[in-house]
Number of protein chains: 2
Amino acid sequence: MTYSKELLKGTLTTIILQLLESKGRMYGYEITQEVKKLSDEKILIKEGSLYPALHKLKDDGLVATETEMIGNRVRKYYSLTPDGSITTKERVKELNDFFETLKIVLNPRSAMV
Amino acid sequence: MTYSKELLKGTLTTIILQLLESKGRMYGYEITQEVKKLSDEKILIKEGSLYPALHKLKDDGLVATETEMIGNRVRKYYSLTPDGSITTKERVKELNDFFETLKIVLNPRSAMV
DNA sequence: TTGCAATGCATCGTATTCCTATGTATCATT
DNA sequence: AATGATACATAGGAATACGATGCATTGCAA
């Protein structure tokens, strides 16, 4: 079972940022595998989503890259810039807050605070 | 403070469906106001999002409409069809499940099950 | 009484973003 | 030798939320 791809919209970038925040640095393929593992195979990030997202994060100055050669194979590591670290905290906070709000909207009877 | 509009993607339809499930029937403007109220003004559904979404739900056979005249003003009520009711339960379940999964992904240290 | 805000419906064009499909290349295992 | 995993990347398409705009009624305040 995989989630409707629409659900990922708006959260993919936050997932990437938060992974980089906790792991320090990662390469693309590693990110897809880590998300797959953590989500019990329920969230599968595709290359067609991941790489454009990473490139955009770089354009926006939120991540920096360094390329390494592993044998003859190129590997591109991503890590957060100071700006990226700040943005990550904001995004994660916003996402958690959004979830809480949505819970209330989706279940009005639990809204008695 | 309003959430980044990207966050709503993939959840708007579920919000509408669940509101109809709990309220029985609602009209468009009423939906925007109810979501605004329940979310403490943090989720503001725009007409440009709402009406296309409602029309799509109708095309998909998930909601039915009835038009009423309130004074000289037209009001269009939406309610769930039997199909819509089933879909609503599935969507809400999927969304809650997605949140749980995402929590784990966003905070690996809490993933020790 | 005039004008503005709120109520109420709707659509067009735009931006975003995720995916499918495709391409290239290395490496390990069979 | 072939296949699957590793690893990067992009082009084109689909979905969807929004901004802008339009129309009409109603209520209220200046």
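For the reader, a short list of remarks on this structure follows.
- Subset of segment B:9-28 (residues that are within 11 Å of DNA strand C (Cβ to nearest atom) and out of contact with any Leu (no Cβ under 9 Å at 6 or more places or on another chain)): B:Tyr27
- Residues satisfying the stated conditions in segment B:33-65, i.e. over 20 Å from A:Asn96 (Cβ atoms) and either facing another protein chain (nearest Cβ under 7 Å) or in contact with a Lys or Arg (Cβ under 8 Å, 6 or more places away or on another chain) (or both): B:Glu34, B:Ile45, B:Ala64, B:Thr65
- So A:Leu62, is it open to solvent by less than 70 Å² (accessible area, probe 1.4 Å) and touching a residue at least 60 places away in the same chain (Cβ under 8 Å): no
- Meets criteria (open to solvent by 80 Å² or more (accessible area, probe 1.4 Å), aromatic (Phe, Trp, Tyr) and more than 9 Å from chain A (Cβ to nearest Cβ)) for B:Tyr29: yes
- A:Ser39 vs. criteria away from DNA strand D (no atom under 13 Å from the Cβ), surrounded by 16 or more Cβ atoms within 10 Å (Cβ to Cβ), more than 12 Å from the chain's Cα centre (by Cα) and not hydrophobic (A, V, I, L, M, F, W, C): yes
- Residues of segment B:72-113 classified as away from every other protein chain (no Cβ under 14 Å) and either modelled with pLDDT of 95 or more or surrounded by 15 or more Cβ atoms within 10 Å (Cβ to Cβ) (or both), total: 12
- A:Met69 meets the conditions (1) aliphatic (A, V, I, L, M); (2) open to solvent by 20 Å² or more (accessible area, probe 1.4 Å); (3) within 14 Å of another protein chain (Cβ to nearest Cβ) in every case but one. The failed one is (3).
- Residue list for segment A:1-26, restricted to those being assigned to a helix (DSSP H, G or I), of a type in the set (Val, Ile, Thr) and more than 8 Å from chain B (Cβ to nearest Cβ): A:Thr13, A:Ile16
- In this structure, A:Glu6 qualifies as surrounded by fewer than 16 Cβ atoms within 10 Å (Cβ to Cβ) and near DNA strand C (Cβ under 10 Å from one of its atoms).
- If you go through segment B:37-78 and keep only what is part of a helix (DSSP H, G or I) and either in contact with a Leu (Cβ under 6 Å, 6 or more places away or on another chain) or not basic (Lys, Arg) (or both), you end up with B:Leu38, B:Glu47, B:Gly48, B:Ser49, B:Leu50, B:Tyr51, B:Pro52, B:Ala53, B:Leu54, B:His55, B:Leu57, B:Asp59.
- Among (1) within 11 Å of DNA strand D (Cβ to nearest atom); (2) within 14 Å of the chain's Cα centre (by Cα); (3) open to solvent by 70 Å² or more (accessible area, probe 1.4 Å); (4) not aromatic (Phe, Trp, Tyr), the one test that B:Leu50 misses: (3)
The values are calculated or read from the model by the stated rules, or taken from the named source; none is laboratory data. Nothing here was measured: the structure is a model prediction, and the numbers come from that model. Cβ: placed from backbone, ideal geometry, glycine included. Neighbour counts: every protein chain shown. Calculation scope for accessible area: heavy atoms of the full protein, side chains included, ligands and nucleic acids excluded. Shrake-Rupley method; radii C 1.70, N 1.55, O 1.52, S 1.80 Å.
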